[in-house]
Amino acid sequence: MAGRAEGRCVLVCVTGCIAAYKACELVRLLQKQGARVKVLMTEHATQFVGPLTFRALTHEPVAVGLFDDPSDPIHHVSLAQEADCVVVAPATANVIAKMAHGIADDLMSTTLLATTSPIVVAPAMNVHMWQAAATQENVATLRERGVRIVGPGTGYLACGDVAEGRLTDLDAIAEAVYDALATTSELAGERVVVTAGGTHEPIDPVRYVGNRSSGKMGVALAEAARAMGAQVTLVMGPATVPAPAGVTVAPVETAAQMLDATRAAFTDATMLVCAAAVADYTPSHPADHKLKKGIEELDSIALTRTTDILAELSAAKGSRTVIGFAAETGNPVGYAQDKLARKGCDAIVANDVSRTESGFGSNTNQAWWVTPERVEELPLMAKTDLAREILVRAHRLNK
Ligand code: PMT
């Protein structure tokens, strides 16, 4: 499977801070995901780590001074343009202030001003510098402009305090870079609707018929679609995980509410992904008062079929892309092919929900991508990774 930064160029900007040495490990992490990494250091950063270290790690010249590279008269512009993503880690209060105020007085600040690529900033500094009103205002300004701020973390600081101000976890910084890289690509211009979670069908005001969906798969899809540049509406039934930031959420409880919300969102959409576990049946006569336990046996609860959201919207999809899921136990591919034909969507993601590491509640999933033309078995992977794999394939379908 391709790395998450495969073929992309990431510019790592290292500023003068004791955490500068951690940038070496960040470079390695990004490289492991296939990124070509270039490093830009401030003069102060070179006091903490030698440029030679980064040069050895990246096999690329390390940029420091504005006029260091005589072969490139506008070095800051070429660095800025070449990078698919710029990450400042560690970022001092000084570089954050320069970015917020558009100050361009060295190679790093001019490059940061010149780039049009997404920027990730990982602050690291003394707790009082971090909490200073000036820094907080500068960080808020950068956030408003779309700069991704990760951290800082809390822990032991070089000054001896145990407080907020540490460079955050390197995996979190790398994750923000992958997210930023994905944003720039595949789904820009798409309006994606995702259904997630389960539904609760009321028996009476306190009891319901439900299922074991945690919402993780649908939330991962919504988050990945947003990160890939789509506008996302998440129609979300009861779930154990929160909705991600940056998406429009339509909270629902019952299958009927999910139908209404999905219909409404689909009007303006280019893609629909139905990952929700929607009840197939709902109690026909929900009581408007709590049922008493007086009777020994309750023989039956009359149930009525719910509307199949996926089938209904597939029938009206026109040129839009509609993807369904199939939660199966035994012969997932065969059942998925049958569902694909009956429901009329473009593809079905079949998952075997009898496996503990797949399906309901798990953080991982193993699925088959089933279209009328082919069946592709995908390996077991994190739901967050599977979400991307699904969206990439869905996007290519009607092209
Ligand atoms: O939420 P998690 O804990 O992360 O679990 C993920 C999941 C197992 C719920 C997910 O991967 C999954 O398989 N979702 C579909 C569950 C399901 O209801 O499958 P189904 O085979 O019963 O339905 C087939 C398709 O029709 C699904 O896309 C479903 O959303 C859709 N459907 C079903 C009934 C209905 N009334 N309306 C629908 O749109």
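The values are calculated or read from the model by the stated rules, or taken from the named source; none is laboratory data. Everything quoted here is computed from the prediction, not taken from an experiment. Reconstructed Cβ throughout: ideal geometry from the backbone, glycine too, with neighbour counts over all protein chains shown.
Of everything in region 181-198, what is hydroxyl-bearing (Ser, Thr, Tyr) and part of a loop (DSSP other than H, G, I, E, B)? Give them in sequence order. Across region 181-198, the qualifying residues are 184, 185.
Every condition in (1) buried (at least 21 other Cβ atoms within 10 Å of the Cβ); (2) of a type outside the set (D, E, K, R); (3) without any contact (Cβ under 8 Å) to a residue 60 or more places away in the chain is met by residue 131 except one, and the failing one is (1). Which ones in region 240-254 are free of Cβ contacts under 8 Å to residues at least 24 places away in the same chain and of a type in the set (A, V, I, L, M)? Listed by number, the residues that qualify are 245, 249, 250. Among residues of region 90-114 that are among the acidic types (Asp, Glu), those with a Cβ under 7 angstrom from a residue that is at pLDDT 95 or above, sequence gap 6+ or separate chain, pair up as 106/42. Scanning region 378-399 for residues that are of a type in the set (Lys, Arg) and not in a helix (DSSP H, G or I) returns a single hit, 399.
Looking for something outside any loop (DSSP other than H, G, I, E, B), more than 10 Å from the ligand (Cβ to nearest atom), surrounded by fewer than 19 Cβ atoms within 10 Å (Cβ to Cβ) and among the basic types (Lys, Arg) - is there at least one such residue anywhere in region 312-320? No; the residues of region 312-320 include none that is outside any loop (DSSP other than H, G, I, E, B), more than 10 Å from the ligand (Cβ to nearest atom), surrounded by fewer than 19 Cβ atoms within 10 Å (Cβ to Cβ) and among the basic types (Lys, Arg). Just one of the listed residues (199, 254) is more than 23 Å from residue 349 (Cβ to Cβ) and hydroxyl-bearing (Ser, Thr, Tyr), and it is 254.
Looking across region 199-244, the residues that are within 15 Å of the ligand (Cβ to nearest atom), small (Gly, Ala, Ser), assigned to a loop (DSSP other than H, G, I, E, B) and buried (at least 24 other Cβ atoms within 10 Å of the Cβ) come down to 213, 215, 237. Of the residues 83, 63, 93, which is within 24 Å of residue 174 (Cβ to Cβ), modelled with pLDDT of 95 or more and crowded, with 21+ Cβ neighbours inside 10 Å? Of 83, 63, 93, the one residue that is within 24 Å of residue 174 (Cβ to Cβ), modelled with pLDDT of 95 or more and crowded, with 21+ Cβ neighbours inside 10 Å is 93. Would it be correct to say that residue 367 is among the small types (Gly, Ala, Ser), buried (at least 20 other Cβ atoms within 10 Å of the Cβ), within 20 Å of residue 388 (Cβ to Cβ) and within 11 Å of the ligand (Cβ to nearest atom)? In short, yes. Is it fair to say residue 338 is within 13 Å of the ligand (Cβ to nearest atom) and farther than 24 Å from residue 251 by Cβ? Against the criterion (within 13 Å of the ligand (Cβ to nearest atom) and farther than 24 Å from residue 251 by Cβ), residue 338 qualifies.
Residue 135 meets the conditions (1) at pLDDT 95 or above; (2) not in a helix (DSSP H, G or I) in every case but one. The failed one is (2). Out of the residues in region 255-293 meeting the condition of being within 11 Å of the ligand (Cβ to nearest atom) and in a loop (DSSP other than H, G, I, E, B), tell me which one is farthest from the chain's Cα centre (by Cα). Ranking the qualifying residues of region 255-293, first place goes to 280. Determine, yes or no, whether residue 100 is at pLDDT 95 or above and surrounded by 22 or more Cβ atoms within 10 Å (Cβ to Cβ). For residue 100, the condition - at pLDDT 95 or above and surrounded by 22 or more Cβ atoms within 10 Å (Cβ to Cβ) - is not met. Please find, within region 302-311, the residue that is farthest from the ligand (Cβ to nearest atom) out of those that are β-branched (Val, Ile, Thr) and either farther than 21 Å from residue 257 by Cα or in contact with a helix residue (DSSP H, G or I) (Cβ under 6 Å, 6 or more places away or on another chain) (or both). Checking each candidate, the answer is 307.
For the criterion of being of a type in the set (Lys, Arg) and touching a Gly at 6+ places or on another chain (Cβ under 9 Å), residue 207 fails.
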